[in-house]
Amino acid sequence: MAGTDPEKLIAKADKLTKLTLTRWSADWKNATQYYEQAVKPWDAAKHMESAAALAVELRIWSEVADFYRRAAELYNECGRSQPASDALAKGARALEDAKPEEAIAMYIDACSLLEEDGKENMAFDLYRAITNVYIKLERYTDAATFLLRWAVSANKCNALHSQCKAYLSAIIVYLAAHDFKEAEKCYNDCCQIDTFLSSDQSHCASKLLSAYREADVEEIKRVAKSSTISNLDHMIIRLARKLPTGELVAMEVGSLENEEALDEVSNGLGKYTLFALVTCNNRHISISCAKSLFTNTTFFFFFFFSLTHICSVQSQSSVFASN
């Protein structure tokens, strides 16, 4: 049939994509059907990318996503995951500002194609790109989650240095989100992996978390400017340079593993230094206990009364000895 002749089908498609006095915009959607009937999936995918590129120029964002996704499907039909992933990534980059949620979805699909094909090492730029979008949107938890996914992929392809960098980056992202507790948990989980435990990135994370526990702003800033952090991706460096953010004391108290509700006494004395005066053998023993050392009031009073009991026993022993 003449209607199924490849050359005629292509001619019809070309006609729909050319601008004329009566056609001011290309009809790529209908032209696509003719191209797909006339050519192999690979060639059709190329035409889809051309249609998508034109849609970008015309700022028709809904069609940008549709055409790039269709191109990816056609490349996938040819068994080519890399070009399929590239097509999705092109669409995602084009949509980052106009439709960031769609861009994220396309980036994730692009990563999945490579991961399913065992090509994680080719997805590193995609992990970086999607993390950057999440950070721009201030979706820090999602950014950290994807960094951990990146670390897993890096481990699979034996990119151990990239794996450790991804772990440290995730910890920094949690700190930027004022979530010290999650940052500490992430660090503890990552330290279960020997590669990270003995790395420079682990030591850097340990110093950073210690500075947070001590509410040492100067130390936090010093660690944030260290060479280890300077070797991370720019988006993470920018976050690190802004640390600390939020209320340090609040994050410190909220991160305690054995956090308990303070009783009325601790509420009254919580922000002040606790003092106890004990008399023993005609001497005064002054006990100063800062809140940072005894956040748990129950533990403080246990210590206080234990010491008082010891001093009392010592005093009675002295009386018996004098007799």
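The values are calculated or read from the model by the stated rules, or taken from the named source; none is laboratory data. As the structure is a computational prediction, the values presented were derived from the model and not from experiment. Methodologically, a virtual Cβ is constructed for each residue, glycine included, from the backbone with ideal geometry; neighbour enumeration extends over all protein chains shown. Keep in mind that these areas ignore ligands, DNA and RNA; they rest on the heavy atoms of the full protein, side chains included. Shrake-Rupley method; radii C 1.70, N 1.55, O 1.52, S 1.80 Å.
What would the Debye formula give as log10 I(q)/I(0) at q = 0.16, 0.17, 0.28 Å⁻¹ for the alpha-carbon point model of the range 69-141, no solvent?
-0.51, -0.57, -1.25
Starting from the Cα-Cα distance between Ser112 and Arg139, subtract it from 0.36 nm times their residue separation and give me the gain in nm to one decimal. Could the numbers behind the result be given before it?
Values: separation 27, 0.36 × 27 = 9.72 nm, distance 2.04 nm.
Taking 0.36 nm per residue and subtracting the Cα distance, the gain is 7.7 nm.
Ignoring ligands, DNA and RNA, how do Ile108, Ile171 rank by accessible area with a 1.4 Å probe, largest first?
Numbers: Ile108 45, Ile171 0 Å².
Descending order: Ile108, Ile171.
Where in the range 44-111 are there trypsin sites (Lys or Arg not before Pro) that are in a DSSP coil and have at most 11 other Cβ atoms within 10 angstrom of their Cβ? Could the numbers behind the result be given before it?
Numbers: sites: Lys46, Arg59, Arg69, Arg70, Arg80, Lys90, Arg93; in loops: Arg59, Arg80.
For trypsin sites (Lys or Arg not before Pro) across the range 44-111 that sit outside H, G, I, E and B with at most 11 neighbouring Cβ atoms in 10 Å, the list reads Arg59.
In the range 137-254, carbon and sulfur make up what percent of the accessible area (probe 1.4 Å)? Don't skip to the answer; put the middle values down first.
Numbers: 2700 of 5570 Å².
In the range 137-254, the share of accessible area belonging to carbon and sulfur is 48 percent.
If you wrap a convex hull around the alpha carbons of the range 110-227, what volume per residue comes out, as a whole number of Å³? Present the calculation step by step, with values, prior to reporting the outcome.
Working: hull volume 11.7 nm³, N = 118.
Roughly 100 Å³ of hull volume per residue.
Using 7 Å Cα-to-Cβ label points, what is the Leu58/Ser25 separation (nm, one decimal)?
0.5
Under the classification rounded if a/c is under 1.5, otherwise prolate if a/b is larger than b/c and oblate if not, where does the range 113-177 fall, given a ≥ b ≥ c as square roots of the Cα gyration tensor eigenvalues? Write out the running numbers ahead of the final one.
Working: a/c = 2.71, a/b = 1.55, b/c = 1.75.
The shape class here is oblate.
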